[in-house]
1. Could you work out [θ]222 nm for the chain from helices alone, using -39500 (n - 2.57) per DSSP H run of at least four and dividing by all its residues? Round to the nearest 500 deg cm²/dmol.
2. In whole Å, what is the distance between the alpha-carbon centres of the range 10-88 and the range 89-143?
3. Give the long-range amide H neighbours of Ala89: residues separated by 5 or more places, or on another chain, with amide H under 5 Å away, using H modelled in the peptide plane at 1.01 Å from N.
4. Normalising by the residue count of the chain, find the relative contact order in percent from Cα pairs under 8 Å and 6+ residues apart.
5. Scan (1) 1.22; (2) 1.09; (3) 1.18 for the value of Cα Rg over 2.2 N^0.38 Å calculated from this model and give just the label.
6. What FRET efficiency, computed as 1/(1 + (r/R0)^6) with R0 = 41 Å and r the Cβ-Cβ distance, is obtained for Ala104 and Ala5, rounded to the nearest 0.05?
7. Rounded to the nearest angstrom and ordered from largest down, what semi-axes does the equivalent ellipsoid of the range 89-131 get from its C-alpha gyration tensor (root of 5λ)?
8. Can you pull the one-decimal nm distance between simple spin-label points at Arg112 and Ile19, each 7 Å off the Cα toward Cβ?
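Taken together, the values in this text are just the output of simple stated rules run on the coordinates, not laboratory data. Keep in mind that what you see is a predicted model, and the values were worked out from it rather than measured. We place every Cβ from the backbone using ideal geometry, glycine too, and count neighbours over all the protein chains shown.
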Amino acid sequence: MQQQALSTLVAWMRLDQSISAFHTMLKTRHGITGLQLAVLHTLAERPHMALAALRKGLNMHAATLGQSIDDLRRLELCIVRTDPRDRRARLVAITEKGLELVKAVPLAGPNRLRQIETDPARLDRLTEALNDALDVFGLVEKG
C-alpha cells in the first residue's frame, strides 16, 4: 500500500473515531444527537426561524428534521408555533433550557466553525478535501 494511502486511512480513522466519540458523549451526557445539536446551534443564532428555512440551511430531509425537532420539543429545548403571517408555516425557536444546553456542550465538530475565527483559505481547503474524500472513498452516488 502506498504510504500516502496509509496516512490518509489513519487520518480518516482518527476523524471517524473522534466524531463517534463526540456523538456518544452528546447522547450520554446531554441526551441529544449531533443533528439536534446542529439545530440548536442554528436556532441560537436566530430568535425565530421558519422550519422550511432551517431544513434548507441544514440540507436535511423534512421527515428527518421533523423527528429531531419533535424530540427537541419533548426535551423542552425548542418550541414550534404557527407563523402569524402565514398560517401554513411553522416557526421554531430555542428555549432558555436549549440555550443553556448549547453553552454546556463542548464547542467541537462542524458547529465550531461558525463560532471561531478561521482563515477562509483554510476553510476552502478543508471543504475541498472533504468533498474530495467523499469521491475518493466512493461515498458519492454516481448517476
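1. The helix-only estimate for the chain comes to -18500 deg cm²/dmol at 222 nm.
2. First find each Cα centre; the distance between them is then 12 Å.
3. Asp83
4. 21
5. (1)
6. E between Ala104 and Ala5, to the nearest 0.05, is 0.55.
7. Semi-axis lengths for the range 89-131 are 28, 15, 9 Å.
8. 1.4
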